[in-house]
Amino acid sequence: MLTETYPFKLPPLPYGYSALEPNISEETMRIHHDILFKRYIDKLNLILEENPDYKDWNLFSLLSYNETFAEPLAEQLRNNGGAVLNHYLYFDGMTPTKKSPSGNLKKAINRDFGSEAGFNRELKKAALSHFGSGNVWLMYDGACKLRVVNSKNADPPPFLILKPILLVDIWEHSYFLQYKQKREEYFDAWYNLIDWDKAELRYPCG
Ligand code: MN3
């Protein structure tokens, strides 16, 4: 996604709309992917149509050099470009087939969090204590050390310093329809859906 340029297109789900049930309902997926994610894609394209100088900039450049743009363009690009990146990684990072950590990522989780249960606890704590909308990430630094990171609203993760492995969207739109205010139940359901094979591909260390 980071290497793509205008016109951005809605990436199709890598599984069916009902494939994640009962953890995430078909209705939630249709609204979250087809309406909300698409709205961010459309808005990003519209911003670039109004600012054609940046039409051939890829998403990485639009997000990396954000502070060089004048307002309101900087905020529009940060919000909509960030939402496009975050949603792409969120939907791409889930699978209906139950998986568990393996290989070098499993070793790193044991090294940095003590165990998978320790990792789950730390990620969950970050997700439940996050105030308002945002995303919670597993990322790694230049020394391949794993870190749990919170990002506010639609901000992209700090990807110039850390690289993303997986994330959970904790905006209410990702769970309210199904779980109401119970973010913890949604977190536990989402955790069952992590595509650990893709996560490991995003961690080329070891
Ligand atoms: Mn969302």
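Every number here is computed from the coordinates shown, using simple stated rules; none is lab data. No experiment lies behind these values; they were computed from the predicted model shown. Cβ coordinates were reconstructed from backbone atoms using ideal geometry, including for glycine residues, and neighbour counts include every protein chain displayed.
Here the alpha carbons of segment 119-206 define both size measures, Rg and Dmax, at 13.0, 41 Å. Per q in 0.30 1/Å, what log10 I(q)/I(0) does a Debye calculation on the alpha-carbon atoms of segment 1-49 return? Treating every Cα as an identical point scatterer, log10 I(q)/I(0) equals -1.09. For segment 1-160, the fraction of C-alpha pairs farther apart than 27 angstrom is 33 percent.
For the chain, relative contact order (Cα pairs under 8 Å, six or more residues apart, normalised by length) works out to 24 percent.
Among 194, 161, 31, sorting on how many other beta-carbon atoms sit within 10 Å of each Cβ, with the fewest leading, yields 161, 31, 194. Think of the chain as having a plus end and a minus end, set by charges on the Cβ of Lys, Arg, Asp and Glu; of 74, 104, 157, 104 sits farthest toward the positive end of this dipole.
Charge dipole of segment 153-206 (Cα centre as origin; +1 on each Lys and Arg Cβ, -1 on each Asp and Glu Cβ, all else neutral): 80 debye, rounded to the nearest 20.
Take every Cα pair under 8 Å whose residues are at least 6 apart in sequence, average their separation, divide by the length of segment 114-168, and the relative contact order is 34 percent. State the answer as a single residue: which of 2, 63, 17 lies farthest towards the positive end of the charge dipole of segment 1-75, with beta carbon charges of +1 for Lys and Arg and -1 for Asp and Glu, about the Cα centre. About the Cα centre, the residue reaching furthest to the positive side is 17.
The calculated FRET efficiency for the pair residue 177 and residue 143, based on their C-beta separation and a Förster distance of 45 Å, comes to about 0.65.
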